Amino acid sequence: MEIIILETSAQVAERGAQIVCELVRKQPDSVLGLATGSTPMALYERLIEKHKTNGVSFSSVTTFNLDEYVGLDPQHPQSYRYFMNKNLFEHIDIKPQNTHIPPGNLDNPLAAGPQYEDQIRQAGGIDLQILGIGANGHIGFNEPTSSLGSRTRIKTLTKKTIDDNSRFFAQDEFQPYLAVTMGIATIMESKRIILLATGWKKAEAVAETVEGPVCALCPASALQWHPCTSMILDTAAASLLKHTAYYKFVLNEQDRLVERFGDPR
Ligand code: GLP
């Protein structure tokens, strides 16, 4: 894992956006895996800005989001389809038909997983997956004890996640407790992964992910097995890591190599 520790959450967003834009410039028909939640919002703002001012084009890009609530209409303001339209897709030149969100409102919700896996496969797999992390170590909606070999499927949310996400719903509003989420194995097939984490509330999950054992109780820890994952953290989210000096040393050395020989990623 590459551990990048930056001073502020704004720098985390900027670094993430740079990685996305470099890839899209190099490979205009990239397949991006996208995340929702508050963490990637600043990254999306920067993508919009880079599209508008630096001419970064998403016209040949395909996207697959990690997850969606079961039982919410795509027009519902808390659906992840609505979130993505409002916070990114409507502001860039991506083709709406190239954007994919797991279907959360099928008559048979159990069909959602295999159907989504097929679509990802047909698109040639995900080149770059953006992840946030739940305070309990979840990625997508793969809650603790999710199989590390899981594929896209329906997951029941934990009370912690329901409580953490209740801030987005009005008090008397129906808040779904089921979601369709890419599985851990689905995520692990992405060629490159960047996980963004900011703020103290994520510090424990980040420490377990990077320095704890690989175990289903912290689903993000599976990323230790991924050959090309960057954790992009602000100092608060990195505050419980024990080996920060080493991570900085590694990055310096890597920067020197990249300067001399170029970035192979
Ligand atoms: C939700 C999403 C995750 C996201 C997590 C953290 O549960 N399914 O993909 O990483 O929330 O959200 P936030 O960035 O708002 O802390």
Leaving ligands, DNA and RNA out of it, rank 154, 94 by accessible area with a 1.4 Å probe, largest first.
154, 94
Counting only protein chains, not ligands or nucleic acids, how are 161, 198, 145 ordered by accessible area (probe 1.4 Å), most first?
145, 198, 161
What is the sum of charges around residue 201, taking Lys and Arg as +1, Asp and Glu as -1, for the other residues whose C-beta is under 15 Å from the C-beta of residue 201?
-2
With contacts defined as alpha carbon pairs under 8 Å and 6 or more residues apart, what's the relative contact order of segment 2-261 in percent?
24
Which pairs in the list 86/191; 159/191; 201/248 are over 29 Å apart, alpha-carbon to alpha-carbon?
159/191
For segment 212-222, Karplus-derived ³J(HN,Hα) couplings (6.51, -1.76, 1.60; θ = phi - 60°; whole Hz; x for glycine and proline) come out as x, x, 6, 7, 5, 5, 10, x, 5, 5, 4
Any idea what % of Cα-Cα pairs in segment 2-261 are farther than 25 Å?
42
Could you tell me what percent of the accessible area of the chain is made up of carbon and sulfur, with a 1.4 Å probe and every protein chain present?
53
Where nothing but the Cβ of Lys and Arg (+1) and of Asp and Glu (-1) is charged, how large is the charge dipole of the chain around its Cα centre, in debye to the nearest 20?
340
Peptides 250-260, 123-133 ordered by average Cβ neighbours within 10 Å, highest first
123-133, 250-260
Residue-normalised value, i.e. accessible area per residue, for the chain at 1.4 Å probe, in Å², stands at 47
Within segment 98-197, which chymotrypsin sites (Phe, Trp or Tyr not before Pro) sit in a loop by DSSP and count at most 12 neighbouring Cβ atoms inside 10 Å?
174
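The values are calculated or read from the model by the stated rules, or taken from the named source; none is laboratory data. Because the structure is predicted, anything quoted here is derived from the model rather than measured. So basically every Cβ, Gly included, is an ideal-geometry build from the backbone, and we count neighbours across all protein chains shown. All accessible areas refer to the heavy atoms of the entire protein, side chains included, with ligands and DNA or RNA removed. Shrake-Rupley method; radii C 1.70, N 1.55, O 1.52, S 1.80 Å.
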